[in-house]
Amino acid sequence: MSNRPRVADALFESLLYEIVDGVRPPGSQLPAERELAADTGVNRQAVREALQRLRQLGLVEIVHGGGVRVLPWRDTGGIGLLPLILWRSTGPDAEVARSTVELRAAIGADAARSCAARSPVHGLRLLELVREMEELGAEEWNDVRLRFWEEVVVGSGNVAYRLAFNTLREVVMAAAPVLAPVLRSEWEQVDGFRTVAAAVAAGDADRAEAAAHDVLGRGVEAVFRATEGLATASTRPALDPVTPAAPAARRSLPDGPGR
């Protein structure tokens, strides 16, 4: 079986991190396909696939006959970048983790408000999920917690929130080995989740928003405390206090056929 997708993935990851880390700054030109293929030892089709993925993410501009120009990714990239730039060699990136929980809290609070105003019937399902939390205990209900917020977002009727939630869930799940102990103060708030559910069921938009903000806000505070005093994004530090298993990111290019 050809390992072209594997070598294209590895080249994509290598170029992605070089762009995000500023090794290849905005406005600079990537080497031509032929040169990249020769330098990395992969075929030109694999190079082309990697470059197209970078273009789709808003990291580069491919100009026919004019080469490949690096774009300012913070200005041109989308939320789909978050799961890809979370991990660094020392663990999850502190800036990305902080930004993710902050965005999650903002969306979650407003989604709870909309859910209560538009679809209070979802509150009954939320109350069922709270009962599941009580039966399982905090160590076992991570999946229930995610289903709780998914129900809130679905009930909000906001498709943009739902798509953003999908990406944020991917980031949080990827960082679970590190985030779990940090977010414990948020996840153990069964009473807080119950308040959100009851407010949604009652159609009380103001109370639903405030309760969701309180629950998710504790997670934001916990992550910011865990990263306080660390270096800024230029050094991309890992969260304390746990060091996760090494992620798949930053793999070296594989050996074997197709190189």
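The values are calculated or read from the model by the stated rules, or taken from the named source; none is laboratory data. None of these values were measured; they are calculated from a predicted model. Neighbour counts run over all protein chains shown; Cβ positions are idealised from the backbone, glycine included. The area values use the complete protein model at the heavy-atom level, side chains included, leaving out ligands, DNA and RNA. Shrake-Rupley method; radii C 1.70, N 1.55, O 1.52, S 1.80 Å.
Among helices (runs of 4 or more DSSP H) entirely within the stretch 99-191, having at least 2 residues that are out of contact with any strand residue (DSSP E or B) (no Cβ under 6 Å at 6 or more places or on another chain) and acidic (Asp, Glu) singles out 122-136, 142-156. Residues in the stretch 182-195 that are open to solvent by less than 50 Å² (accessible area, probe 1.4 Å) and at pLDDT below 95 were compared, and the one that is farthest from Val220 (Cα to Cα) is Val190. When Leu54, Leu11 are checked against the criterion of being aliphatic (A, V, I, L, M), out of contact with any Phe, Trp or Tyr (no Cβ under 9 Å at 6 or more places or on another chain) and buried (at least 19 other Cβ atoms within 10 Å of the Cβ), Leu11 stands alone in meeting it. Taking the stretch 196-212 as the range and being surrounded by 20 or more Cβ atoms within 10 Å (Cβ to Cβ) and within 23 Å of Glu132 (Cβ to Cβ) as the test, the residues that pass are Val196, Ala197, Ala199, Val200, Ala208, Ala211, Ala212.
Within the option set Arg147, Arg162, Arg194, Arg131, being in contact (Cβ under 8 Å) with a residue 60 or more places away in the chain and among the basic types (Lys, Arg) holds for one residue only, Arg194.
Evaluating Ala109 against the criteria (1) in contact with an Asp or Glu (Cβ under 7 Å, 6 or more places away or on another chain); (2) free of Cβ contacts under 8 Å to residues at least 60 places away in the same chain leaves one unmet condition, (2).
Evaluate the following for Asp39: is it under 24 Å from Trp87 (Cβ atoms), out of contact with any Ser or Thr (no Cβ under 7 Å at 6 or more places or on another chain) and open to solvent by 30 Å² or more (accessible area, probe 1.4 Å)? No: the conditions fail for Asp39. Could you tell me whether Leu179 is closer than 18 Å to Glu102 by Cα and modelled with pLDDT under 90? Taking the combined requirement at face value, the residue satisfies it. Please indicate, with yes or no, whether at least one residue in the stretch 93-109 is open to solvent by 10 Å² or more (accessible area, probe 1.4 Å), touching a Ser or Thr at 6+ places or on another chain (Cβ under 6 Å), β-branched (Val, Ile, Thr) and under 28 Å from Val196 (Cβ atoms). Checking the stretch 93-109: not a single residue is open to solvent by 10 Å² or more (accessible area, probe 1.4 Å), touching a Ser or Thr at 6+ places or on another chain (Cβ under 6 Å), β-branched (Val, Ile, Thr) and under 28 Å from Val196 (Cβ atoms). Of the listed requirements (1) surrounded by fewer than 21 Cβ atoms within 10 Å (Cβ to Cβ); (2) at pLDDT below 95, Val171 misses just one: (1). Residues in the stretch 195-208 that are over 15 Å from Gly108 (Cα atoms) and not in a loop (DSSP other than H, G, I, E, B): Ala198, Ala201.
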